[in-house]
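Student: There's a structure below that I have some questions on.
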Amino acid sequence: MGEPIELWEASSEIQELLIGQTEDEQKLRQEEINDEELAMRVRKELQREAGFPSFPTFLRARYDQIFKNVVRREGHFHTRCFTHANLQIKLLRARKNPEARAEYNRQLDEHHLEVKSWRELEIRTQRMALSNPEVAIVLSYDDTSAMGIPRFTNRAIKGLSTATVKFVPLNLTNHGTGENLYIYRLKKRWSKCSDRMCSVLYFILRRIKCKVNCNANELAQKKAPKLILMADNYTENKNNILFQFLSELVMRGWFDEIELMFGPVGHTHNGNDAVHRWHNQGVGNHMSYCLAELFQNYKHGWPSHETRPHPIIMDCQFNWKERYAPHCQILKGFTFTGKSADDDSVDQRSNYVRGFLFQTLARNNRTCQLKIKGSPTSKTWYGENGSPTADGYVCLLRLPDSCPLAKLPNRYTMPEKIVTSLATPTMTAFFNENGRSKAHQDLLTMASDYAVPCIRRATEQDMSGLTLSELSALDGFPNVQVIGAEGKSQQWCHFLWASLSEAT
């Protein structure tokens, strides 16, 4: 930063702060002082030359009486990275120990390099999927906070009930086609577990493989021998049920190999988080009396039709856990070791695996093996006993005979207080005055039955006469797609497992 500024050196208060510190600590403190002086100098130049208002001026304006009705917007914060937080605490504790500080700074630099390498891999993989869709299908997905319907902008209307029916939105991006999806399910209708994630992937991958009217990239993806999944480190995205599902995809010939990758904990935020921001703040800041109106408001968050997500209502989950139970082999030991954060004698995340590879065994193409690696940026995959030359682990011993069956929803009913609040005379009058009486009736039906209302559900008779092409065309996303109407979901399953070879 150059020579110390004399003004600060001459300050008695600053000199008192520097007394009793080591030479390195004094130098570090002096650099912080110089940075502060530089920031003040730039700020004064902006105020003098560009008319930049001072911070007190901003505060006086912000808290003026004319803005007294402005409510602070609730911030959205991600969880902090464990490694960053731990090392920062240790650096603070070792402020009088230069050797320890140097070691912790070295570890922090290594972690920064790991995060940078993950970002580069993420961008490189997503670009590859777009430029060479015939090589690999790349999907990334992430949940966001539950959204309540009705949603009267980001600020509640005074005098109206704040009771809502909550949906959990899952954003999924197909990086080879640029397609963006929002998949909604009623909160607590099913337990949040691996069955949901497997059901979503099943539906999306089936559509990719069997869609009829395709553009060039979609057509190329049908032949892609590799699948790459990117998600955060949440347990729903990393568990034995998902491992068994991906193993089945390989054993049935959908893909030659599948990679499941996770970034460093606390640094998995990708492009899906930016989409969540527009979904929660941009789209959420418009009046949505019902779920369909929320979908119509997508145009406010994404004016371009090419970048606008497609809404999907998830009204069915399949019981993958029960289906795999007789044929599975449980794997353990690929998550956090559970050691104390104050123990420096061991690597705190030595057993933490963030890369999984599913492929057939060379000596037995009917069995899928699972290989692992600690970092997704590493080039070496490891099999049993941590050996790069050994066969991988087997988590699905054989293919199940039956198709996946629909899972019964939880016996959850909305609290009577919420249902009553949605039906108050004030709420009813507000909907009627705005021409949304039908939306209010559907909302009350959805709250009392805890199911998304529709004109009618598809039956076995509706599906029985359809040809293979007509069944495939059902997944074209013409408007709002519903996963799993009664009868329809079972027909999809039988069609998928029995006729995949014919469709591809």
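The values are calculated or read from the model by the stated rules, or taken from the named source; none is laboratory data. This one's a predicted model, so the numbers in the text were calculated from it and none came from an experiment. Please note: Cβ atoms are built from the backbone with ideal geometry, for glycine as well, and neighbour counts cover all protein chains shown. Heavy atoms of the whole protein, side chains included, go into the accessibility calculation; ligands, DNA and RNA do not. Shrake-Rupley method; radii C 1.70, N 1.55, O 1.52, S 1.80 Å.
Student: With unit charges on the beta carbons (Lys and Arg positive, Asp and Glu negative) and the dipole taken about the Cα centre of the stretch 174-256, which residue among 182, 251, 241 sits farthest to the positive side?
Tutor: The one lying farthest along the dipole's positive direction is 182.
Student: What distance in nm lies between label points placed 7 Å from Cα along the C-beta direction at residue 102 and residue 154?
Tutor: For residue 102 paired with residue 154, the spin-label model returns 4.8 nm.
Student: Which residues' amide hydrogens lie under 5 Å from the amide hydrogen of residue 407, considering only partners 5 or more residues apart or on another chain, with H built in the peptide plane?
Tutor: Residues meeting the amide H criterion: 317, 318, 319.
Student: Kindly provide the chymotrypsin sites (Phe, Trp or Tyr not before Pro) of the stretch 73-156 that DSSP labels as loop, not H, G, I, E or B, and whose Cβ sees at most 14 other Cβ atoms within 10 Å.
Tutor: 77
Student: Another question, then. With θ set to phi - 60°, apply the Karplus curve 6.51 cos²θ - 1.76 cosθ + 1.60 along the stretch 106-123 and write out the HN-Hα couplings as whole Hz, x wherever there is a Gly or Pro.
Tutor: Karplus values, whole Hz, x for Gly and Pro: 5, 5, 5, 5, 5, 5, 4, 5, 4, 5, 4, 5, 5, 4, 5, 5, 4, 5.
Student: Over the stretch 212-305, with every protein chain in place, what whole percent of the accessible area is carbon and sulfur at 1.4 Å, could you tell me?
Tutor: Details: 1860 of 3420 Å².
Roughly 55 percent, rounded to a whole number.
Student: Another question about this same structure. Can you put 187, 226, 90 in order of accessible area, largest first, using a 1.4 Å probe?
Tutor: The ranking, largest first, comes out as 187, 226, 90.
Student: May I pose another question? May I ask you to rank 120, 236 by accessible area, largest first, using a 1.4 Å probe over the protein chains only?
Tutor: Descending accessible area places them as 120, 236.
Student: Rounded to the nearest 10 Å², what accessible area does residue 91 show when all protein chains are kept and the probe is 1.4 Å?
Tutor: 20 Å²
Student: Rank these residues by their accessible area, most exposed first, probe 1.4 Å: 254, 278.
Tutor: Details: 254 10, 278 115 Å².
Result, largest first: 278, 254.
Student: Can you give the accessible area of residue 38, probe radius 1.4 Å, in Å² rounded to 10?
Tutor: Taking all protein chains as shown, residue 38 has close to 80 Å².
Student: How many nm is it between the label spots at residue 418 and residue 66, if each spot is 7 Å from the Cα in line with the beta carbon?
Tutor: Label-label distance for residue 418 and residue 66, simple model: 4.1 nm.
Student: Tell me, in nm to one decimal, what length is gained between residue 390 and residue 124 on full extension, where the rule is 0.36 nm per residue of separation less the Cα-Cα distance? Show your work: numbers first, answer last.
Tutor: Working: separation 266, 0.36 × 266 = 95.76 nm, distance 2.90 nm.
Difference between extended and current length: 92.9 nm.
Student: Once amide H atoms are built 1.01 Å from N in the peptide plane, which residues 5 or more positions from residue 399, or in another chain, come under 5 Å H to H?
Tutor: none
Student: Please report the spacing between the Cα centers of the stretch 403-455 and the stretch 207-224 in Å, no decimals.
Tutor: If you average the Cα positions of each part, the centres end up 37 Å apart.
Student: What shape does the stretch 119-233 have by the C-alpha gyration tensor, where a ≥ b ≥ c are the square roots of the eigenvalues, rounded means a/c under 1.5, and otherwise prolate means a/b greater than b/c and oblate the rest?
Tutor: Values: a/c = 2.37, a/b = 2.18, b/c = 1.09.
Here the stretch 119-233 falls in the prolate category.
Student: Considering only Cα-Cα distances, which of the following residue pairs are longer than 26 Å: 44/116; 226/379; 90/116?
Tutor: Where the Cα-Cα span goes over 26 Å, the pairs concerned are 44/116.
Student: From the Cα gyration tensor of the stretch 50-177, with a ≥ b ≥ c the square roots of its eigenvalues, which class applies: rounded if a/c is under 1.5, or else prolate if a/b is larger than b/c, or else oblate?
Tutor: Since a/c reaches 1.5 but b/c is at least a/b, the shape of the stretch 50-177 is classed as oblate.
Student: Still on this structure, please answer the following. Of the listed pairs 211/371; 187/321; 188/321; 68/158, which have alpha-carbon separations greater than 22 Å here?
Tutor: Too far apart for the 22 Å limit: 211/371.
Student: In addition: At R0 = 35 Å, how high is the FRET efficiency between residue 449 and residue 277 if r is their beta carbon distance? Nearest 0.05 is fine.
Tutor: 0.60
Student: Also, quick follow-up: Report the accessible area of residue 372, computed with a 1.4 Å probe over the heavy atoms of all protein chains in place, in Å² rounded to the nearest 10.
Tutor: 40 Å²
Student: Restricting to Cα atoms and excluding each atom paired with itself, what does the Kirkwood estimate give for the stretch 347-428 in Å?
Tutor: Computed over the stretch 347-428, the radius equals 17.5 Å.
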